[in-house]
Amino acid sequence: MKKYKNKRSFNKNQQSFFFEDYLSTNQKFKKERNDLINEDRIYILFFSFFFLILIFSLKIIFVSFQSSNLSINKNYKYNFSPIRNDIVDRNGVLLSRNITAYHAAIKPNYIKDKKKFLVKIKLALPEIDSKNLIFNLNNKKYFYLKKRLTDTEKDKIWKLGEKGIIFEPFQTRVYPHSNLYSHIIGQTDYDNFGISGVENYYDNFLRNKKKFDKPLQLSLDTNIQYLIKNELEKALKIFKAEGAASLLMDSENGEVLSLVSLPDFNINKRINLTDKVYMNKITKGVFELGSIFKTFTVALALEKEIVEPETIINNITKSVKCSIHNISDIKQFPESMTVEDILVQSSNIGTIQIARKIGEEKYKKFLKDLNLFNIPKFELDEIGTPIPFNWNKCKLETVSFGHGITTTPLQAAAAYATLINGGKLILPTLEKNKNNDLNSRRIISEKTSIKLKKILRKVVTDKNGTASLADIYGYNVSGKTGTSQYYDDEDKNINTFISFFTASNKSYILLVMLDNPQIAENLIYDYRGLKIRGIRNEAGWNAVYSSGKIIEKIGPILAINNKEVPNQHVVKKTN
């Protein structure tokens, strides 16, 4: 047998080490491949869950950007575009704006359990008429549950979770300050048309979308308005008055910074007010304002150089006979008084003597030039008309001290502004910067205006003056009181004080009027350094007192505003 040395023989059926190596490698590959497949499955599952979570998250974010608590029917696609422009005060504070509100409607076919639904609605809205609701649920396909929902009502209804409740969007007007401007801003109807106040007067402008680049800017100051209203509310309680009113006006341009009439009302609520106590007393009220007319008499006599402040007027008796009438003073004055003293101490007889020197025709023309007979021009439709009268016997005499003639407080304040600003005729306005370029005609000379201001200052500072309680340090307060009866009710008084004061060299007219005030028996006055109780129901003891409190509050604000904002941005606006 042949032998082979150093050689290894191979059987064809014998497994080589190569085969063994390949087998081992293949098994390892299969193991790695299986591991990869398992990892792929994990990745697929992970990304599947990730995308599902992402989709749900996006959906949640999308829903959250929708109305947070409303389900609006698809049939009512609504993109908010305001129908009316905003109204702001002189400092840009919002006074009126359109917002989205909702009606609640019902689709009975979507209500599964109507008895249960009825119980839910009664719990949410107890005022809903059950019988009417049952009838509508059984007989109508679509009806309104309630229109013009409040936010509280809307939330209550939405939380019921009923599929058959539909929320219809619409635009409504809201007034952030509610009662504060009720006699000025006014209201709109359900169709967003102005029906009263500024909303009505500027209706065309406020609805003109071409003008929406700037809001309607009024001359009013919200801070001042609030402070004055607060003091008047205190006066109502102290003097147990039936009402009160005030007007603050820039004496140079006629801009009204505040107009308050009490009682007021919430203009966000649509209620029908028929009681005349809610009338705008400043613009709509027509009153005999009493002795404030004595200022007009003296001003004209000075202007016509008939008298000077130091001119002596003789024969001042306690009463005079005029036709069949007997005119008297409430107290005895000296028989001879200067023109200045007649106005400072408020003598009726002395004023009559001055008026007779002027004559009826001149006096009548002067009052007409001051716009006291005309219907005042102002940015409200709620304007009163002075009661016409005939200039018969004694009319000159009675009108000279404010009896037998009516006017609105707005007209009286504007006339005073004309007399103390150098004689330039003032046209009151609610619109900021409207009168900046107005060329006013002159009613009296600047010389006469200066003389008159000195006299009116003494009404406050003189020991015999009638307005000492308004002598607030630092504001150079001047003015004239007026105590009169209602022209149609002699048992009621109207007590008025028209003052002017300065704040940082800028002059303001402040009119304060109390409707039928009473003696404040418990009030202790600081009267020229003495502590005394009120003893008379006259303007000097109530309207003057309230004016002093108002000036104390608003004076610093006006002074700061005048120093810090000498040239505010002008917003041009036309009607």
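Rule-based calculations on the coordinates, nothing more; no lab input. Just so we're clear, the structure is a prediction, and the values are computed from it rather than from any experiment. Counting neighbours? That spans all protein chains shown, and the Cβs are built from the backbone with ideal geometry, glycine included.
Remarks
- For the peptides 199-206, 104-111, the ranking by mean Cβ contacts within 10 Å, running from highest to lowest, is 199-206, 104-111.
- Distance-filtered residues of region 222-261 - backbone nitrogen under 17 Å, label point 7 angstrom along E521 Cα→Cβ: 237-241
- Between helix 130-139 and the chain: long-axis angle, C-alpha atoms, 0 to 90°, nearest 10: 50 degrees
- The angle between the Cα long axis of helix 446-461 and the longest principal axis of the Cα atoms of the chain comes to about 90 degrees, rounded to the nearest 10.
- The angle between the Cα long axis of helix 114-124 and the longest principal axis of the Cα atoms of the chain comes to about 50 degrees, rounded to the nearest 10.
- Calculated diffusion of region 87-213, Stokes-Einstein form, Kirkwood radius summed over Cα pairs, 25 °C and 0.890 mPa s, µm²/s: 145 µm²/s
- Placing a pseudo-label 7 Å from each Cα along the Cα-to-Cβ vector at K59 and D189 gives an inter-label distance of 4.7 nm.
- Every helix of 4 or more DSSP H residues in the chain counts as -39500 (n - 2.57), and over all residues that averages to -11000 deg cm²/dmol at 222 nm.
- Evaluated with a Cβ-only charge set (Lys, Arg +1; Asp, Glu -1), region 170-305 carries a dipole of roughly 420 debye about its Cα centre, given to the nearest 20.
- Size of charge dipole - the chain - debye, nearest 20, with Cβ of Lys, Arg +1 and Asp, Glu -1, no other charges: 4220 debye
- With the simple model of a label 7 Å out from the Cα in the direction of the Cβ, F205 to E252 spans 2.2 nm.
- Dmax and Rg, reported as Rg then Dmax, of the chain (C-alpha, Å): 40.0, 181
- Among N179, G164, I87 the positive-end extreme of the charge dipole of the chain (Cβ point charges): G164
- The chain: relative contact order in percent, alpha carbon pairs under 8 Å with at least 6 residues between: 14 percent
- Per-residue ³J(HN,Hα) for region 370-376, Karplus 6.51 cos²θ - 1.76 cosθ + 1.60, θ = phi - 60°, Hz, x for Gly and Pro: 7, 6, 8, 9, 8, 6, x
- Under 5 Å, built H, 5+ apart or other chain: amide partners of L145: A104, A105, I106
- Here K159 is the anchor, and the aspartates and glutamates within straight C-alpha reach of less than 17 Å, apart from those fewer than 8 places off in the same chain, are D113, D151, E168.
- Gap separating the Cα centres of region 485-514 and region 190-216, nearest whole Å: 32 Å
- Greater than 20 Å apart at Cα, pairs in K506/K563; K214/K434; K432/K506; K480/K549; K281/K365: K281/K365
- The amide H of Y527, built 1.01 Å from its N in the peptide plane, has I532 as neighbours under 5 Å, considering only residues 5 or more places off or on other chains.
- Residues whose amide H lies under 5 Å from that of I443, counting only those 5 or more places away or on a different chain, are K424, L425; hydrogens are built 1.01 Å from N in the peptide plane.
- FRET efficiency for the pair F373 and D113, taken as 1/(1 + (r/R0)^6) with r the Cβ-Cβ distance and R0 = 56 Å, rounds to 0.20.
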